[in-house]
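One structure below.
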Amino acid sequence: MDIEIIEMADRKAKFVLKNSSPAMANALRRTLLSDIPKMAIDKVEFMTGKMQGEDGKDYESITPLFEEIIAHRLGMLPVPTDLELFSPQSECSCGGVGCPSCQIMYRIMKTGPGTVYSSDLQPLGGPEAEQYRIVDEFIPVVELTADQGIYVFATAVMGTAKKHVKWQVCNGVGYMYKPVITIDPDCASNEEVLACAEICPNGLEVKGKKLVVKDPVACGYTKGCIEKLSEIDGITVDWDDTNFLFKFETDGSMTAQQALDIAVKKISEEARNFAAEIEAL
């Protein structure tokens, strides 16, 4: 199994899984979706009653939304994750009680009128904790009216999407077989066939007044290209079930490269463990 990177940005990736099988492609897809650990807010404590704002006035620590809704919204925020610094609470030396090695503490203290955004979630622990600020600053959490405020403490811990979607790093994970595009030599100079170069200029080109395939991978990633080509007489589109075009995005808690590296590592470890168990039998 080989991986050829087509595009690698901070939050999205496109690559070709080469010399593989549908089973392995699906295993990689499921690993990207469900098995990559990340930090997410799992506990929220609401401080109700009177609170004093920065202006010295008294506010009521209450919002228009139920606490359960706010807690759910906080849980879905992308918390920056470094797997070298944190471990699951079940594996932590603190025994799951909670410590800087397995959790991140946050606080929100804001008064209305105005909108509470993800940027209002302040990590606790001094200047070094600033690296754990929520990646996207302008995710709205709740709208506060005059005389309203919110005062909460939130705790982020590590988990995987097998337990809850808030621990899902990757989304939009999909793949398709690599297209095999064949152009009939007798039809390669037809006007309708030549016009296909405009549909997919990155994958097709005109040479010597005939249409030729320059890069079938580019055609596969071009939206609607393959569908249009398959409808034209003189062009046949088949599929290679040993090579797969992958694409996915992340929520920002880690980069696309990190997510892919972790997924490949996990598949490799599981394969070795499975082989060892079979050998032991």
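Among the residues of the range 106-116, how many are crowded, with 18+ Cβ neighbours inside 10 Å and either within 16 Å of HIS72 (Cα to Cα) or not assigned by TED's automatic domain parsing to the domain that holds ILE139 (or both)?
Looking only at that region, the number is 3.
Look through ILE70, ILE36 and report the one residue that is surrounded by 17 or more Cβ atoms within 10 Å (Cβ to Cβ), within 17 Å of PRO140 (Cα to Cα) and either of a type in the set (S, T, N, Q) or touching a residue at least 12 places away in the same chain (Cβ under 8 Å) (or both).
On the way: ILE36 fails: within 17 Å of PRO140 (Cα to Cα).
None of the other options fit; the residue is ILE70.
Quick one: count up the residues across the range 225-281 that are surrounded by fewer than 18 Cβ atoms within 10 Å (Cβ to Cβ), of a type in the set (Val, Ile, Thr) and touching a strand residue (DSSP E or B) at 6+ places or on another chain (Cβ under 6 Å).
Matching residues across the range 225-281 total 1.
Given the criteria in contact with a helix residue (DSSP H, G or I) (Cβ under 8 Å, 6 or more places away or on another chain) and part of a helix (DSSP H, G or I), does LEU211 qualify? It would help to see each step written out before you state the result.
Details: in contact with a helix residue (DSSP H, G or I) (Cβ under 8 Å, 6 or more places away or on another chain): yes; part of a helix (DSSP H, G or I): no.
Considered against the rule, which asks whether it is in contact with a helix residue (DSSP H, G or I) (Cβ under 8 Å, 6 or more places away or on another chain) and part of a helix (DSSP H, G or I), LEU211 comes out as no.
Scan the range 152-166 residue by residue and report those that are surrounded by 19 or more Cβ atoms within 10 Å (Cβ to Cβ) and assigned to a strand (DSSP E or B).
Residues satisfying the conditions are VAL152, ALA154, ALA156, VAL157, MET158, GLY159.
For LYS178, are the conditions met, namely being within 25 Å of ALA27 (Cα to Cα), charged (D, E, K, R), in a loop (DSSP other than H, G, I, E, B) and in contact (Cβ under 8 Å) with a residue 12 or more places away in the chain?
On the way: within 25 Å of ALA27 (Cα to Cα): yes; charged (D, E, K, R): yes; in a loop (DSSP other than H, G, I, E, B): no; in contact (Cβ under 8 Å) with a residue 12 or more places away in the chain: yes.
Judged against the criteria, LYS178 is not a match.
Mind listing just one residue for me: the one in the range 214-257 that is among the hydroxyl-bearing types (Ser, Thr, Tyr) and part of a strand (DSSP E or B) and, of those, farthest from TYR175 (Cα to Cα)? If you could, list the steps in order and put the result at the bottom.
Let us first name the residues in the range 214-257 that are among the hydroxyl-bearing types (Ser, Thr, Tyr), namely 221-222, 230, 236, 242, 250, 253, 255.
If we keep only those that are part of a strand (DSSP E or B) too, we end up with 236, 242, 250.
Values: THR236: 21, THR242: 12, THR250: 16 Å.
Per the criteria, the residue is THR236.
The values are calculated or read from the model by the stated rules, or taken from the named source; none is laboratory data. Everything numeric here is computed off the predicted structure, so don't read it as measured data. For neighbour counting, all protein chains shown are included, and Cβ atoms are generated from backbone atoms with ideal geometry for every residue, glycine included.
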